[in-house]
Amino acid sequence: MSNEIEIGRGKRGRRAYSFDDIAVVPSRRTRDPEDVSTGWQIDAYHFDLPIVAAPMDSVMSPETAVQLGRHGGLGVLDLEGLWTRYEDPRPLLEEIATLEPERATSRMQEIYDAPIVPGLITERIKEVRAAGVTVAGALSPQRTQEFYKTVVDAGVDLFVIRGTTVSAEHVSSNAEPLNLKRFIYELDVPVIVGGASTYTAALHLMRTGAAGVLVGFGGGAAHTTRVSLGIHAPMASAVADVAAARRDYLDESGGRYVHVIADGGVGRSGDLVKAVACGADAVMIGAALARASEAPGQGWHWGPEAHHRQLPRGERVRVGTSGSLEEILFGPGRQADGTLNLVGALRRAMATTGYSDLKEFQRVEVVVSPYQPR
């Protein structure tokens, strides 16, 4: 059945849904929340929580990556961020938090113009590794060729290639593009790559040998991709499309399972629930963790798009501080707005609908029910 609608006589478009447009439905069975498992595993690495921290300077420092790892999640360091450009970026993080709105973008462009120091990449990765948690670092596709050897030699466990969109078939007349399939084949560590927002794009990324695919395109709280480029992928439909690609690739490859990680639009606990319901194995979140009192952004949130030299496609946004990292993950909640106790909310939703683990919960019934917050 087609869900295309006519935009005008010369154009048709497919109806797509965001997380706000859908809801999960209780079934005939309920469970005790304590009997529910929120664990997942990618390659050899098991995590108690399906939560991956977005590689953003407002969210992750080496210290917060270690804290999240000890709580059972996965922290991903931005290896092109301030922590690999400056020996001590804390004064600059303080400055960014106090910038006037009209000055924020231009000043951040100046701050991030400092070169990336390979020695600092090594130092930050070793700092996290010394704490005994799983180590993950992210580079953009443009920087991967330049710095990947430094990253791998430093002892990273999971390598993340993250951009606004990443394709298995990048065409350029100016430079030799990154050959993802060859790169992943030659690398000794699992690779998570994205974003992708369509069935076809995700299927091609899976065929490169990636262990996981990030789903999303310009849907985060700090993105302005929709207004600056006119590009947007509503997340409920994007996750469901990529989950379908995972299913078909599982058959095509004879049983190779590629993990689907929702990246964007997961700002509150209900979004986390609905991302898994649409087929995600885990979620990559930024704004939700930027609200932690330990977050480097000090109540502000921004991504690498906010300081692009030529065309910023994001901005520094105020998200405030809701509580400690532990309270954001496990509660107790002190307000009913979905910012605290993300894991407790996921457990409660799974228990209320009768599912015992994440793979089962991906089969939960979903309805289209557009929601307009007050």
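Coordinate-derived values only; no laboratory data. The model shown is predicted, which means the values in this text are computed figures rather than measured ones. With ideal geometry, Cβ positions are generated from the backbone for all residues, glycine too; neighbour counts draw on all protein chains shown.
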How big is region 22-172 in terms of Cα radius of gyration and Dmax, in angstroms? 18.3, 58
Summing -39500 (n - 2.57) over every DSSP H run of at least 4 residues in the chain and dividing by its residue count gives a helix-only mean residue ellipticity at 222 nm, to the nearest 500 deg cm²/dmol, of -9500 deg cm²/dmol
Near K274, which lysines are there with a Cα under 26 Å away, not counting those fewer than 8 places off in the same chain? K359
Amide H contacts of A54 (H built 1.01 Å from N, under 5 Å, at least 5 apart or other chain): I285, G286
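Would you order S58, S106 from fewest to most other beta-carbon atoms within 10 Å of each residue's own beta-carbon? Walk me through the numbers before you get to the answer.
Details: S58 29, S106 11.
Going from sparsest to densest Cβ surroundings: S106, S58.
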So which lysines can K181 reach, going by Cα to Cα under 27 Å and dropping same-chain residues fewer than 8 places off? K149
Where only C-alpha atoms are counted, convex hull volume of region 16-73 per residue in Å³: 177 Å³
Run through every distinct alpha carbon pair of region 4-368 and return the Kirkwood hydrodynamic radius in angstroms, one decimal place. 20.7 Å
Going by how many other Cβ atoms sit within 10 Å of their own, how do T339, T208 line up, fewest first? T208, T339
I need the GluC sites (Glu not before Pro) found in region 23-122, filtered to DSSP loop residues with at most 16 other beta carbons within 10 Å of theirs. E87
Whole-Hz Karplus ³J(HN,Hα) for region 222-230, in order, using 6.51 cos²θ - 1.76 cosθ + 1.60 and θ = phi - 60°, x for Gly and Pro? 9, 8, 10, 4, 5, 8, 8, 10, x
Test of understanding: ordering L342, L93 by Cβ neighbours within 10 Å, fewest first, what list do you get? L93, L342
